[in-house]
Amino acid sequence: MTEFITVAKTDELKVGAPPIVVDIENTWVAIYNIDGEYFAIEDTCTHDGNPLAEGTVEGNIVTCPRHGAKFDIKTGKCLSIYADVRTYQVRVVGDEIQVGRRK
């Protein structure tokens, strides 16, 4: 069963704005607004541990600022030779952005 926690309000994360990074159970998670939909991925490049939230975003692809690894924000899939990043369920309840965590 998934438990959801509120991490931000929708007006805090506009389309095209930098992601919001939150700590969920000792893991940094980046929340993105891609064309009005919210997505959450672990904020760690699987190549070298660099924060992905510091990278550039084009469409739904984030590029690690250190070595250029590319990750699909919607799926967590790595588009190069490295491992995928963990994704999290996201939902909006009223004006609250909530991220799922496993119990």
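Just so you know, all these numbers are worked out from the coordinates, no wet-lab data involved. Quick caveat, the model's predicted, so the values are computed rather than measured. Cβ atoms come from the backbone with ideal geometry, glycine included; neighbour counts cover every protein chain shown.
Near Val62, once Lys and Arg are set to +1 and Asp and Glu to -1 for all other residues with Cβ below 13 Å from its Cβ, the sum equals -2.
Between Glu25 and Arg66, the distance separating the two model label sites (each 7 Å from Cα on the Cα→Cβ line) works out to 2.5 nm. Expressed as a whole percent, the proportion of Cα-Cα pairs in the stretch 2-102 lying more than 19 Å apart is 35%.
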